[in-house]
Structure formats: structure tokens, C-alpha cells
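Enquirer: Sharing a structure here in C-alpha cells format.
Nothing in this text is a laboratory measurement; each read-out follows from the coordinates by a stated rule. Note that the structure is predicted; figures quoted are calculated from it, not measured. Note that each Cβ is placed from the backbone with ideal geometry, even for glycine, and that neighbours are counted across all protein chains shown.
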Amino acid sequence: MHYVLIYEYAPDYLERRAEFRDAHLKLAWASHERGEFQLGGVLGDPVDSALLWFKADSPALIEEFVHADPYVKGGLVLKWRIRPWMTVAGKLADAPIYPG
């Protein structure tokens with residue numbers, strides 16, 4: 001199943017992210033290598049949140065990612081939430097539905 005992790009960043013995120021960025025990216029790429037983390041990045045204009053896409057059997061795996069994330073530990077993430085994402089169209093859809 002696909003899940004989306006939504007981060008809401010602190011107002012000083014851009015000024016402070018350099019301190020935590022390498023460790024955050026190491027965590028993301030390690031998760032990607034295991035087939036969990038699929039794609040992620042900051043939303044722009046304004047830079048106040050991010051979307052991270054995971055493939056997992058349950059949200060527990062994503063919660064582990066959050067609790068290990070240096071951005072969360074460092075206070076750059078003010079709030080986060082995990083939402084199941086029912087993907088139905090496209091090559092990477094988890095549950096493709098084709099027109100009749």
C-alpha cells in the first residue's frame with residue numbers, strides 16, 4: 001500500500017536545515033534502498049511543508065522513519081501526519097484501475 005507522509009516545517013526551516021540535511025538524506029536513501037521510501041521533497045512557494053511517498057504494509061514503518069528523522073528530532077518539523085494513498089492510475093499505481 002502507498003502512504004504519504006506530510007511534514008509541516010518550522011518558520012526557520014530554510015535557515016536551519018543545513019545542520020540536519022545530510023543525516024536526513026541518509027535516512028531517506030537507506031529507506032529507499034529497502035524499497036520503502038519512494039519519492040519525497042519540499043513543497044515550494046512558500047517552503048513550509050514536504051511530501052514523502054512510501055510503500056509499506058502499514059503506517060508503523062513510516063512512524064519509525066519519522067521518529068528517526070533528524071529533521072523531526074531537530075525541531076524543523078512542527079507537525080506531521082501519515083495518510084494512506086490509494087493510487088489507481090499510472091505505471092506505479094498500487095491498485096491500478098483501467099477504463100472499461
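Enquirer: Looking at (1) without any contact (Cβ under 8 Å) to a residue 12 or more places away in the chain; (2) of a type in the set (D, E, K, R); (3) surrounded by 15 or more Cβ atoms within 10 Å (Cβ to Cβ), can you tell me which one D69 breaks?
Expert: So the condition that D69 fails would be (1).
Enquirer: Quick check on region 42-100: of everything there that is of a type in the set (F, W, Y) and under 16 Å from the mean Cα position of the chain (by Cα), which residue is farthest from L5 (Cα to Cα)?
Expert: It comes out as Y71.
Enquirer: Another question about this same structure. Quick one: count up the residues across region 17-47 that are surrounded by 13 or more Cβ atoms within 10 Å (Cβ to Cβ), assigned to a helix (DSSP H, G or I) and among the small types (G, A, S).
Expert: The total comes to 4.
Enquirer: If you go through region 61-93, how many residues are in a strand (DSSP E or B) and either in contact with a Pro (Cβ under 8 Å, 6 or more places away or on another chain) or at positive phi (or both)?
Expert: 2
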